[in-house]
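Worksheet for the structure shown next.
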Amino acid sequence: MARKMECVEPEVDTTHPLENTRIVWVRGRGDLEEENAALGDSIIKMGEKIAELEKRIPKEAVIILRDISRDQARHEIRELFKGGGSYYYSEIIDILELDLELVVDICSELISSGEIQAA
């Protein structure tokens with residue numbers, strides 16, 4: 001199949017070499033079809049990579065926080081640490097379903113009093 005190729009000479013305004021310059025290249029249909037196919041393949045590959053990355057994103061979890069007294073929260077945090085181990089604030093929140101600010105305040109108090117140690 002013969003390809004129709006055309007080239008239009010650019011029109012140039014010589015007074016300002018970069019202004020009013022128009023270059024038009026007309027490519028054959030086969031070249032455009034090849035480029036279109038290559039772009040389509042690239043889009044498919046990007047879609048696959050995006051899907052793979054989305055699988056790696058942690059799923060959002062909804063934590064329903066309990067509304068308990070400060071004394072009860074302090075007691076539960078002490079009990080958690082009696083079992084040994086160390087915990088991030090986020091882990092304490094997940095386990096005990098308590099508010100972040102409350103957990104941080106109580107842990108700071110327990111660290112100051114020497115009941116638990118900061119890691």
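Selection of region 67-87 for residues being surrounded by 14 or more Cβ atoms within 10 Å (Cβ to Cβ), free of Cβ contacts under 8 Å to residues at least 24 places away in the same chain and assigned to a loop (DSSP other than H, G, I, E, B) yields only TYR87. The residues listed here are ASP41, ASP67, ASP71; of these, the one that is over 23 Å from the mean Cα position of the chain (by Cα) and either over 21 Å from GLU109 (Cβ atoms) or not assigned by TED's automatic domain parsing to the domain that holds ILE111 (or both) is ASP41.
Would region 90-99 turn up any residue that is polar (S, T, N, Q), in contact (Cβ under 8 Å) with a residue 12 or more places away in the chain and either on the phi < 0 side of the Ramachandran plot or loosely packed, with under 13 Cβ neighbours inside 10 Å (or both)? Looking for residues that are polar (S, T, N, Q), in contact (Cβ under 8 Å) with a residue 12 or more places away in the chain and either on the phi < 0 side of the Ramachandran plot or loosely packed, with under 13 Cβ neighbours inside 10 Å (or both), one finds none in region 90-99, hence no.
In region 15-22, the condition of being at positive phi and modelled with pLDDT under 80 is met by at least one residue.
For region 88-119, a residue qualifies if it is among the small types (Gly, Ala, Ser) and part of a helix (DSSP H, G or I), and the qualifying residues are SER90, SER108, SER112. For GLU34, the stated conditions do not hold, so it cannot be described as assigned to a helix (DSSP H, G or I) and either among the β-branched types (Val, Ile, Thr) or under 18 Å from VAL104 (Cβ atoms) (or both).
CYS7 fulfils the conditions (1) at pLDDT 95 or above; (2) part of a strand (DSSP E or B) except for a single criterion, (1).
The values are calculated or read from the model by the stated rules, or taken from the named source; none is laboratory data. Note that the structure is predicted; figures quoted are calculated from it, not measured. Here Cβ is always computed from backbone atoms with ideal geometry, including for glycine, and neighbour counts include all displayed protein chains.
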